[in-house]
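J.: Here it is: the structure, laid out below.
Any read-out appearing in this document is the output of simple, stated calculations on the displayed coordinates, not a laboratory observation. This is a predicted model, so every value here is computed, not measured. Because the Cβ atoms are built from the backbone with ideal geometry, glycine has one as well, and the counts that use them run over all protein chains shown.
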Amino acid sequence: MGYKKASFIEGLAEKIGLIPNLHKDGYQEEDKDMRFFSDEEIAQMYENFPPPDKWDNWVEYDPKAWPKKVKKEYQIIPTTCFNCESACGLTAFIEKDTQKVVKFEGNPHHPGSRGRNCAKGPATINQVTDPDRILFPLKRVGKRGEGEWEKVSWDEVLDTIGARIRKAIKEDRHNEVAYHVGRPGHEGFMNWVLQSWGIDGHNSHTNICSSGARFGYNLWYGYDRPSPDHSEAKFILLISAHLESGHYFNPHAQRIIEGKMKGAKLATMDPRLSNTASMSDYWLPTYPGTEAAVLLAMAKVILDEGLYNRDYMENWVNWEEFLNAQHPDKPKSFETFIEVLKEEYKDYTTEYAETE
Ligand code: SF4
């Protein structure tokens, strides 16, 4: 993949410095992709973004005053987007006159998103200015469903709910307490609090939206939000449409594409010819619900043909504990572990996957 010859407009824009010069000598010779840009060059691509040493006092022309050149002073505060769990970096532009946030832009210095956000990032401004946003706690008055609410203070809410939780715990009614959070972006902290109170009542939308994957990750990996080193991978298997619509899609998508540009093969299992599938080297249009059969068959091939990373498996997988628990009578060797796995997977043939 390489950069095409610059168009007249591109050439002009590069010459006067409006865009980085992607066509200058050197880039084309080096296999022409992002991996050959140095950190300095990438930083240069963000040269139009205010440098951090100017964030306390950033001046821009007011676009609404055009064609007059009216200067506006901003303070720029780094923050994060929370419109999905990627938590990409944003910068909030705060108007100095009014102390109001007037816009959000990507933060090129954020290590995850690196200044590249999806459209929902800058749209965070809607959450700040939406006239229908909820500004204070509301307490139901009248019967449930009547739609009658009154404004109450945060102190009242905290005192009321705190007292009720305390009463329930003291009366040993722990199971009557449930906590629901829309998006658990606090890395489990609230669940630890609940567990320390003896309450098994944490709930979130995640319990439905991605619980299958998260459960599996937790079982074999101990953590449900993995972030593989996509940009260094040689083969990337996506189950569903991560690149354009899945969780963590923006920071992961950037790195999956980097990996692909370095030569990684991309395979996507998705019943739909999604945008991701259409950009992949392999598309596996499995019937919904049959993905597990394909994965089991893949595991069998990997075992039978010795395609696993022995060094990793031997040193990082708890095969000894597994043998002790499941096969205490067998020799405790890695070879035994592989033989046991081969036996367990023997029925998951490619023919089996095909019939599923
Ligand atoms: S991917 Fe988009 S919605 Fe998700 S955190 Fe990043 S900017 Fe926000």
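J.: In debye to the nearest 20, how big a dipole does the chain give about its Cα centre with +1 on each Lys and Arg Cβ and -1 on each Asp and Glu Cβ?
T.: Here the chain has a charge dipole of around 1560 debye.
J.: Which of Phe337, Phe249, Phe322 comes first, and how do the rest follow, when ranked by fewest Cβ neighbours within 10 Å?
T.: Phe322, Phe249, Phe337
J.: Averaged over every viewing direction, what's the projected area of the C-alpha convex hull for segment 230-355? Give it in nm², one decimal, please.
T.: 9.1
J.: To make sure I understand the rule: partners must be lysines, Cα under 24 Å from the Cα of Lys332, and not fewer than 8 residues away in the same chain. Which ones qualify?
T.: Output for Lys332: Lys300, Lys342, Lys346.
J.: Go through segment 315-324 residue by residue and turn each phi into a ³J(HN,Hα) via Karplus (6.51, -1.76, 1.60, θ = phi - 60°); whole Hz please, and just put x for glycine and proline.
T.: Computed from phi, the couplings for segment 315-324 are 9, 10, 10, 7, 5, 5, 4, 4, 5, 4 Hz.
J.: For a test of the definition: using alpha carbon positions, the gyration tensor, and the 1.5 limit on a/c, classify the chain as rounded, prolate or oblate.
T.: oblate
J.: Once every Cα of segment 138-207 carries one equal point scatterer and solvent is ignored, give the base-10 log of I(q)/I(0) from the Debye formula at q = 0.17, 0.19, 0.23 Å⁻¹, two decimals.
T.: Values, matching the q order: -0.82, -0.97, -1.11.
J.: Could you work out the helix-only [θ] at 222 nm for the chain, with each DSSP H run of four or more residues adding -39,500 (n - 2.57) and the total divided by the number of residues, to the nearest 500 deg cm²/dmol?
T.: -10000 deg cm²/dmol
J.: Within segment 52-129, how many lysine pairs that are 8 or more places apart, or on different chains, have C-alpha atoms less than 15 Å apart?
T.: Taking segment 52-129 as the scope, the lysine pair count is 9.
J.: Related question: Please give the Cα centre distance for segment 120-186 versus segment 245-302, rounded to the nearest Å.
T.: So the two Cα centres are separated by 39 Å.
J.: Whose amide H sits under 5 Å from the amide H of Lys330, counting only residues 5 or more places off or on another chain, with H placed in the peptide plane?
T.: none
J.: Give me the extension gain from Glu320 to Tyr223: residue separation times 0.36 nm, minus the current Cα-Cα distance, reported in nm with one decimal.
T.: Using 0.36 nm per residue and subtracting the Cα-Cα distance, I get 32.8 nm.
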